[in-house]
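Input: a single structure, listed below in structure tokens.
The values are calculated or read from the model by the stated rules, or taken from the named source; none is laboratory data. The model shown is predicted, which means the values in this text are computed figures rather than measured ones. Note that we place each Cβ from the backbone using ideal geometry, even for glycine, and neighbour counts take in every protein chain shown. Just the protein is used for accessible areas: all its heavy atoms, side chains included, with ligands, DNA and RNA removed. Shrake-Rupley method; radii C 1.70, N 1.55, O 1.52, S 1.80 Å.
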Amino acid sequence: MTVLEIIRAAATELGIADDVDDYLEGVSSVGEADTENLLRCFNLVENELALDYLPLYAEEEFETETGVIYFSEFSRAAVRVVKVTDGYGNETAFKLFPEYLKTQGGKVVVRYTYTPTAKTLTDESEFKTLASVRLFAYGIAAEYSLASGLFEEAAVWDKKYKEAIACAYRSRPSKKIASRRWV
């Protein structure tokens, strides 16, 4: 899903779709400020989702002689390291430091959660499956209303946003615990 698609859906929910569409199509500059604010709200919502509700995962392979992997070497901004495996897929011990990760030497694969980069109108969202356009639209509407000083509307949009997040949580695969049998 594209950022533009999400912003148009949020503008429709907020009732400012005509101005935003006119600006995006180059007809008028009236919706420029609204479009920029919606884009800023999109980046806030995407970041909030990744950090607090639906983490984004990445895996990267590193080759290291000393076992030290600097976080600046990661292609994305790492938030939490989930696990480190060796070249054969076996989990290995690791220790985190402020600027680097220390593990065994050799080829290792690091699985971690990350925070998305700021997007422009032409970019794609980092969320492909768990978050819907509707979920983003509600979150953007809540942020936009709050930034505009429309506190009652912001509370309504925030409630819808939190309910959509709860639905996204329910759609995640869950682990089943086998029932116990008592003899």
In the stretch 32-61, which residue that is closer than 17 Å to Arg111 by Cβ and in contact with a Phe, Trp or Tyr (Cβ under 9 Å, 6 or more places away or on another chain) is most open to solvent (accessible area, probe 1.4 Å)?
Glu59
Mind listing just one residue for me: the one in the stretch 78-128 that is without any contact (Cβ under 8 Å) to a residue 12 or more places away in the chain and among the hydrophobic types (A, V, I, L, M, F, W, C) and, of those, farthest from Arg8 (Cα to Cα)?
Ala93
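Can you tell me which residue among Glu48, Glu13, Glu61, Glu36 is of a type in the set (D, E, K, R) and over 23 Å from Phe151 (Cβ atoms)?
Details: Glu48 fails: over 23 Å from Phe151 (Cβ atoms); Glu13 fails: over 23 Å from Phe151 (Cβ atoms); Glu36 fails: over 23 Å from Phe151 (Cβ atoms).
Every option except Glu61 fails the conditions.
Restricting attention to the stretch 41-64, which residues are in a helix (DSSP H, G or I) and either closer than 19 Å to Lys128 by Cβ or within 8 Å of the chain's Cα centre (by Cα) (or both)?
Phe42, Asn43, Val45, Glu46, Asn47, Glu48, Leu49, Ala50, Leu51, Asp52, Tyr53
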Name the single residue, out of those in the stretch 168-183 being under 24 Å from the mean Cα position of the chain (by Cα) and open to solvent by 60 Å² or more (accessible area, probe 1.4 Å), that is modelled with the highest pLDDT.
Tyr169
With the checklist (1) of a type outside the set (Val, Ile, Thr); (2) within 14 Å of the chain's Cα centre (by Cα); (3) surrounded by 16 or more Cβ atoms within 10 Å (Cβ to Cβ); (4) modelled with pLDDT of 85 or more in hand, flag the one item Ala142 doesn't pass.
(2)
Here the residues within the stretch 70-98 that are open to solvent by 80 Å² or more (accessible area, probe 1.4 Å), part of a loop (DSSP other than H, G, I, E, B) and touching a strand residue (DSSP E or B) at 6+ places or on another chain (Cβ under 6 Å) are Arg76
